[in-house]
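Below you'll find the structure, written out as structure tokens, and then a few comments.
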Amino acid sequence: MPPNWFRARAVVPARQAPPPISPLGLAGYSGPGPALWFSSCHGGAGASTLTTLIPYGKSAGRYWPTPEPPGQARVLLVARSHAAGLCAAQAAAHQWAAGGLPNVRLLGLVVVADAPGKLPKPLRDLLRLISGGVPQTWELPWVEALRLGDPPDQARLPSAYARLAQDLTRIISEDAHA
């Protein structure tokens, strides 16, 4: 058989497979944390921009913030809409769904457009698949002003950004009254 040919290996049944691997590490902390953490699924996801727009949120970098019990961290995953960003988001969602983050309350996934216009069908399909594995998904459109370096809090933003902030404020308020 030529060296470049594909060779099949034995299939590992799901019950014997290792847990999903995520690009996100774990960052433990004690004491009160912010009302909301933004966890970047990959570098350049847009979490630092969101912390400028949503002042009660803090960036956790590429980590799951994991408070000491009985604390609970509200976390929002952030990814770009390109293939690598969506695959990183899928890996992070798998890690959360595996049940190894009991002190994390995942609110959902924010997908920040990586280019103007509609997502190509393969990326739309992947995003639809990932969306089924997280509590909620928000899609934020391309903003040319942000690309050109305008401060996020001074740029004219599409309504999807205000909707995200309103939804998060409502969720946090409901948590406080639960």
Would you mind calculating the relative contact order of region 101-178 from Cα pairs under 8 angstrom and at least 6 residues apart, reporting the percent as a whole number?
31
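What's the Kirkwood radius of region 39-128 in Å, using all Cα pairs?
Values: mean 1/r = 0.0733 Å⁻¹.
Taking every pair of different Cα atoms in region 39-128, averaging 1/r and inverting gives 13.6 Å.
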In debye to the nearest 20, how big a dipole does the chain give about its Cα centre with +1 on each Lys and Arg Cβ and -1 on each Asp and Glu Cβ?
580
Could you report the chain's accessible area per residue, 1.4 Å probe, as an integer in Å²?
59
Ignoring ligands, DNA and RNA, what percent of the accessible area of region 58-178 is carbon or sulfur (1.4 Å)?
53
When the Kirkwood hydrodynamic radius is evaluated over all pairs of different C-alpha atoms of region 74-178, what value in angstrom, to one decimal, is obtained?
14.9
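One-quarter of the Cα convex hull surface for the chain, in nm²? Write down the numbers at each step before the final one.
Details: hull surface 54.4 nm².
With the hull built on Cα positions only, its mean projection is 13.6 nm².
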Paramagnetic reach from R124 (point 7 Å along Cα→Cβ, amide N under 18 Å) across region 134-159:
137-142
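Taking only C-alpha pairs under 8 Å that are 6+ residues apart, what is the relative contact order of the chain in percent?
Numbers: 282 pairs, mean separation 33.8, N = 178.
Rounded, it is 19 percent for the chain.
Mind checking which helices in the chain clear 20 Å along their axis (Cα) and have mean Kyte-Doolittle hydropathy of 0.5 or more, DSSP H runs only? Spell out each step's value before the answer.
Numbers: long enough: 83-97 (21 Å, 0.61); 159-176 (26 Å, -0.16).
The answer, listed by residue number, is 83-97.
Which value at 222 nm does the chain reach when only helices count, each DSSP H run of 4 or more adding -39,500 (n - 2.57), with the total divided by all residues and rounded to the nearest 500 deg cm²/dmol? Intermediate results must be reported in sequence, preceding the final value.
On the way: 5 runs with 55 residues, N = 178.
It lands at -9500 deg cm²/dmol.
What number comes out for the charge environment of L36, summing +1 per Lys or Arg and -1 per Asp or Glu over other residues with Cβ under 11 Å away? Mind showing how you got there, number by number?
Working: positive: K58, R74, R105; negative: D175.
Counting the neighbours of L36, the net charge comes to +2.
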Modelled label-to-label distance, Q166 and C87, 7 Å Cα→beta-carbon offset: nm?
3.7
Interchain or long-range residues, amide H under 5 Å from Y29's placed H
T66, E68
Rough spin-label spacing in nm, given labels placed 7 Å along Cα→Cβ, for R105 and D153:
2.6
Let's test this: bin the Cα-Cα distances of region 20-85 at 5 Å from zero up to the farthest pair and state each bin's percent.
4, 19, 27, 24, 16, 8, 2, 0
In order through region 72-79: 3J(HN,Hα) via Karplus (6.51 cos²θ - 1.76 cosθ + 1.60), integer Hz, x for Gly, Pro
9, 9, 7, 10, 10, 6, 10, 8
With unit charges on the beta carbons (Lys and Arg positive, Asp and Glu negative) and the dipole taken about the Cα centre of region 103-178, which residue among P122, A165, V134 sits farthest to the positive side?
P122
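Could you give the alpha-carbon Rg of region 65-107 over 2.2 N^0.38 Å, rounded to two decimals?
Normalised Cα radius of gyration, region 65-107: 1.26.
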Solvent-accessible surface (1.4 angstrom probe) belonging to L101, in square angstrom, nearest 10:
20
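The values are calculated or read from the model by the stated rules, or taken from the named source; none is laboratory data. Bear in mind the structure is a predicted one, so any value in this text is a computation, not a measurement. Glycine also receives a Cβ, built like all others from the backbone with ideal geometry; neighbour counts cover every protein chain displayed. With ligands, DNA and RNA removed, areas are computed over all heavy atoms of the protein, side chains included. Shrake-Rupley method; radii C 1.70, N 1.55, O 1.52, S 1.80 Å.
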